[in-house]
Amino acid sequence: MPQQSRTSPDTLASSSDQRLGHILYGSIHGHNNVSTPEPSKPTKPGTRALAPDLLRGLLMLIMAMDHMALALNTWEHGTGRETEADGVIIKKWNRPAAYFVRTLTHLCAPGFTMLLGMGVVYLGRSRTKLGWSTMRIAKYFAVRTLVLILVNFVLGLILSVGKLWLMNFVLFALAIDYLLAGLLWLAMDFTEPVLARAVTKMVPEKRDSENEALLDGQTREVSELGVRVSWHAHNAFLAVLGLVTIWWNIWLSPTHGHCEVKDHASFQLNAISAAGNKGPADGPAVSHNPWFGIWFWTTITERVMSAFPPMAWVSFAILGLLYGRIDTSRTWSARTSSLCNFAAGLGFVILFVFTRVFQFGNLSDGCLQTPEHIKHPDSNQYLVSVQSFFYIMKYPPDVAFWAFTMAGNLFLLAFFGGIPTNIAKRFTILLDFGRAALFFYLSHMFLVFIFGALMVRWFGHDTGRNGPMGSHSTRGIDNVFAYLGIWAFAMLLIWPLVRWYSRFKATKSADSIWRFF
């Protein structure tokens, strides 16, 4: 951050550091006579403030594309003919349109989790300004977590027709990661000023002769150096923690990221197929322990289906915390914000390319056994074809998936952040979906699968394959244009309802349960 000249000895350090100190620690007094820095005046809402909502809204639309393909039985649920799961062999690629859409939908879960982490920072700061205590904020995080878990429980019972006690498509993971991110933010909100004061004591601030007399009898509790060291140290901690929590998906993998030579039958991460069989669906890295496995691994039993273990996805929430801290540390211009997002995205692109070229950070070593790979057995499997290069592991996410999806979401934030405000506000469908995300998620699940079932019944034909949701019916709608048309029509149908709810919850108080949705 750029240095600025000092103003008064009664401030923390300088005008910029006064703002930083207030943002990080609230009001910190060196002495009773030292005035409390006033918070910065709210800036006029701009595109940068709209960018997270625009991104969330776009991700909602893309997610609905993935779910509509399931509802219509348009194609297999994966970039290959099998789901992207640890230890599952890919022998044939999906059709080009399916590969593209599925790869695009990979951005959704990481984007939602990253935005969740960002939201923790924004919410924590806004509630602090409203005078909320630490315990009240912690209670808010806990209540919101319980609401998400309850909603996930009820939704799972409905969609599985009572066959499953826990059906975790994503909400359970988001709930747990939200709580962990919230508690981590609160812990850092406590430890950051403690470290700043410790640094100040170890490295006393130099005083110039002009202000020496004014400072006699006063002890500045936090120096400029203390503020900066503590802020950067906590950011570095988050960065390291983000790396560790994505790498442990590889460290804890039962296969250690390597496929066995033997083939594995179709591996479907869906509740209905798991509940409909005599035993749980199996796979090389699937846990059947619902109490322990659910936290780190894909878990499937007769009563539990969890494709999103919370601890496997928490890295994205941690990076969201880091992003939010940097974003709120100062007022960034739209141009600077977009350039920073783009630069960060490029960094993740470079990391992704490295995972392909040097073959590290992947949970799919030896898993690509398509005809082109058989022809080139000694080649780097990720460089054999375009499909191979962009094949990434989602269940659970590996480092390649992490880098690819973080890059994509940061590029989208850069794009939305660079759009002039008057134009960005016209993307009303994205803003409405983004500002009522949970409500959209719940309502679209029913609309997509009920509406999709009707479309298949009226206009479907025999596709020659069983439905990806475990149905033994081979009927479906596999025409790409028909699929896109039905998806677009469904989104237009649900838009007025989501738009109404978005405006309804905006009228509620800050701690209203309606705002959770």
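Quick look at the numbers
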read-out: Criterion violated by Asp478 - all others in (1) touching a residue at least 12 places away in the same chain (Cβ under 8 Å); (2) part of a helix (DSSP H, G or I); (3) more than 26 Å from Val154 (Cβ to Cβ) satisfied; value: (2)
read-out: Every residue from region 189-199 that is surrounded by fewer than 21 Cβ atoms within 10 Å (Cβ to Cβ) and not acidic (Asp, Glu); value: Phe190, Thr191, Pro193, Val194, Leu195, Arg197, Ala198, Val199
read-out: So Leu351, is it buried (at least 24 other Cβ atoms within 10 Å of the Cβ), of a type in the set (A, V, I, L, M), in contact with a Gly (Cβ under 9 Å, 6 or more places away or on another chain) and assigned to a helix (DSSP H, G or I); value: no
read-out: Filter result for Met114 (within 30 Å of Leu413 (Cβ to Cβ), touching a His at 6+ places or on another chain (Cβ under 7 Å) and part of a helix (DSSP H, G or I)); value: no
read-out: Selection from region 157-188 of residues that are crowded, with 21+ Cβ neighbours inside 10 Å, closer than 21 Å to Phe439 by Cβ and over 21 Å from the mean Cα position of the chain (by Cα); value: none
read-out: Leading residue by the ranking (modelled with the lowest pLDDT) among those in region 216-240 that are part of a loop (DSSP other than H, G, I, E, B) and not polar (S, T, N, Q); value: Gly217
read-out: Pair list, Cβ under 8 Å, 6 or more apart: region 242-255 residue free of Cβ contacts under 8 Å to residues at least 60 places away in the same chain, other residue surrounded by 19 or more Cβ atoms within 10 Å (Cβ to Cβ) and not in a helix (DSSP H, G or I); value: Leu252/Trp297
read-out: Pairs with Cβ under 8 Å, 6+ apart, first in region 100-119 and in contact (Cβ under 8 Å) with a residue 60 or more places away in the chain, second assigned to a loop (DSSP other than H, G, I, E, B) and surrounded by fewer than 22 Cβ atoms within 10 Å (Cβ to Cβ); value: Thr103/Phe390; Ala109/Val170; Phe112/Val170
read-out: Flag if Trp93 is among the aromatic types (Phe, Trp, Tyr), modelled with pLDDT under 95 and surrounded by 20 or more Cβ atoms within 10 Å (Cβ to Cβ); value: no
read-out: Number of the exception - Glu84 against (1) touching an Asp or Glu at 6+ places or on another chain (Cβ under 9 Å); (2) buried (at least 24 other Cβ atoms within 10 Å of the Cβ); (3) of a type outside the set (A, V, I, L, M); (4) touching a residue at least 60 places away in the same chain (Cβ under 8 Å); value: (1)
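The values are calculated or read from the model by the stated rules, or taken from the named source; none is laboratory data. This one's a predicted model, so the numbers in the text were calculated from it and none came from an experiment. Cβ: placed from backbone, ideal geometry, glycine included. Neighbour counts: every protein chain shown.
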